[in-house]
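Report on the following structure.
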Amino acid sequence: MLAVVLAGCGTRTPPPPEAGPAWRSMCAVTTPKGLAADLGRTVPASLAGEVIPLGMSAGGGTAYVSAWTPGFSGVAALNLASGRLRPIQRFADPAADQADGASDGSWLAWEQTVSLQSLDDFTVYAWDAATGRRLRLGHSLAGPGGEPWPSPWHPPAVSGRYAAWAQGYGPGGEVEIRLADLATGRVRVIRRGHTQPPFFDRNLVVWPESDRPGQPTSLRALNLATGRPAALPPVLRGVRGTDFVVTDGTRTAYLGPDLTRLYYSPAQDRPARAVLRLPAGDYFAGLALGAGTLAWMTTAATYLASTGTGAYVQVTRQYGDATGSGSGVMISDSSSEKVAHPVLPLHVISPAGIRWPACATAVRG
């Protein structure tokens with residue numbers, strides 16, 4: 001299962017702009033010492049069964065995971081120091097149930113499925129890390145024959161007191177965007193049409209949408225405070241034909257429609273520019289934004305970059321996954337076994353301890 005983080009800050013105060021020189025394109029470098037040390041350490045609990053990270057607590061000491069271990073299968077909070085799993089919700093059928101989610105450090109939201117044959121039958125949940133309160137936010141919609149309408153498979157976005165997700169509601173790829181107020185549990189439909197999964201950007205909930213089936217998407221936004229359509233920040237106005245967008249309210253990255261180009265901007269008022277192009281035959285598969293870092297997954301491997309210098313390194317031998325948060329990044333190695341629930345060694349990356357070199361393409365201004 002590929003976890004792609006669509007991160008946002010909702011109504012929270014965005015982080016300050018990054019200091020140092022700007023850079024025009026990313027550059028491959030040898031693995032910095034601090035990063036090599038983090039990659040050399042494996043979370044012991046991830047070796048006891050399949051553990052898929054969904055997000056991380058605000059302080060970085062806890063990972064939120066979906067897990068299949070000898071003692072527990074379900075969604076849980078994993079103490080990274082002790083290895084203890086705190087159950088949040090058990091899978092009723094560990095052989096078939098799956099969950100994919102995201103966290104803003106305070107709330108965890110996830111979609112849980114009950115079949116290995118289809119991901120369209122799912123339930124949406126949220127959990128408050130501070131109180132342990134769990135909410136059932138909704139369920140996929142069934143069509144006239146009782147089968148669920150097809151939905152884009154993507155974890156819910158969560159930010160501050162809000163969660164949002166996309167689900168099918170009709171024929172021809174019709175999808176609605178649902179927004180949940182986690183403080184009250186109220187859920188409402190904010191858009192219907194040919195839409196794709198949403199993400200948060202400061203006080204906006206944003207989603208890709210096309211006017212007609214098969215047409216390239218552009219981004220639309222709703223202001224969380226007013227409940228009305230809103231203008232996009234400059235960095236998002238030129239995004240077309242992609243639903244791979246990550247932002248923390250200041251930094252923004254997204255993929256080109258052909259999945260071979262990566263675009264990045266360090267600020268909301270600056271349009272993003274192409275900073276990396278993959279070699280022929282390779283394609284991007286996902287993005288994750290963390291503290292001072294940007295990770296991407298391709299059909300070949302997983303990579304981690306500094307958004308301060310533009311330097312990047314390959315961090316898995318092949319495939320793999322990355323989950324970003326405001327406090328760090330988690331890297332999962334690919335499995336060496338072809339089994340139902342493979343071991344995926346998990347590494348926690350602490351960006352503050354990494355000395356990234358500068359790219360030769362760095363420029364002032």
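Quick look at the values:
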{"item": "Check on Pro213, at pLDDT below 95 and either outside any strand (DSSP E or B) or over 26 Å from Asp104 (Cα atoms) (or both)", "result": "yes"}
{"item": "Residue count for region 69-112, restricted to those that are assigned to a strand (DSSP E or B) and basic (Lys, Arg)", "result": "2"}
{"item": "Exclusive hit being within 17 Å of the chain's Cα centre (by Cα), among the hydrophobic types (A, V, I, L, M, F, W, C) and on the phi < 0 side of the Ramachandran plot, set Ala163, Ala180", "result": "Ala163"}
{"item": "Matching residues in region 313-349 - criterion: being assigned to a loop (DSSP other than H, G, I, E, B), within 21 Å of Asp282 (Cβ to Cβ) and of a type in the set (S, T, N, Q)", "result": "Thr316, Gln318, Ser334, Ser335"}
{"item": "Options Thr226, Thr247, Thr217, Thr252: the member that is touching a Cys at 6+ places or on another chain (Cβ under 9 Å) and among the β-branched types (Val, Ile, Thr)", "result": "Thr247"}
{"item": "Pick from region 52-68, criterion within 16 Å of the chain's Cα centre (by Cα) and part of a loop (DSSP other than H, G, I, E, B), ranking: modelled with the lowest pLDDT", "result": "Ala58"}
{"item": "Cβ-Cβ under 6 Å pairs, at least 6 apart or on other chains, region 189-218 side over 12 Å from Gly249 (Cα atoms), far side β-branched (Val, Ile, Thr) and surrounded by fewer than 22 Cβ atoms within 10 Å (Cβ to Cβ)", "result": "Pro208/Thr217; Glu209/Thr217; Ser210/Thr217"}
{"item": "Test for Asp258: is it touching a helix residue (DSSP H, G or I) at 6+ places or on another chain (Cβ under 8 Å), assigned to a loop (DSSP other than H, G, I, E, B) and closer than 27 Å to Ser218 by Cβ", "result": "no"}
{"item": "Conditions (1) at pLDDT below 95; (2) loosely packed, with under 13 Cβ neighbours inside 10 Å; (3) among the small types (Gly, Ala, Ser): number failed by Gly83", "result": "(2)"}
{"item": "Selected residue [within 20 Å of the chain's Cα centre (by Cα), hydrophobic (A, V, I, L, M, F, W, C) and under 25 Å from Ala295 (Cα atoms)] from Leu232, Leu236", "result": "Leu236"}
{"item": "Selection from region 27-51 of residues that are hydrophobic (A, V, I, L, M, F, W, C) and either surrounded by 23 or more Cβ atoms within 10 Å (Cβ to Cβ) or more than 21 Å from the chain's Cα centre (by Cα) (or both)", "result": "Cys27, Ala28, Val29, Leu35, Ala36, Ala37, Ala45, Leu47, Ala48, Val51"}
{"item": "Residue list for region 113-127, filter: of a type in the set (Val, Ile, Thr) and in a strand (DSSP E or B)", "result": "Thr113, Thr123, Val124"}
{"item": "Residues of region 195-214 satisfying the condition of being surrounded by fewer than 22 Cβ atoms within 10 Å (Cβ to Cβ) and closer than 20 Å to Gly138 by Cα", "result": "Gln196"}
{"item": "Single match in Thr217, Thr260 (criterion: of a type outside the set (Phe, Trp, Tyr), surrounded by 14 or more Cβ atoms within 10 Å (Cβ to Cβ), within 25 Å of Gly193 (Cβ to Cβ) and under 20 Å from the mean Cα position of the chain (by Cα))", "result": "Thr217"}
{"item": "Complete set of residues in region 41-51 that are more than 17 Å from Ala322 (Cβ to Cβ) and in a loop (DSSP other than H, G, I, E, B)", "result": "Ala48, Gly49"}
{"item": "Residue check for Thr250: under 21 Å from the mean Cα position of the chain (by Cα), part of a loop (DSSP other than H, G, I, E, B) and closer than 19 Å to His154 by Cα", "result": "no"}
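The values are calculated or read from the model by the stated rules, or taken from the named source; none is laboratory data. What you see is a predicted model, and the numbers here were worked out from it, not measured in a lab. Reconstructed Cβ throughout: ideal geometry from the backbone, glycine too, with neighbour counts over all protein chains shown.
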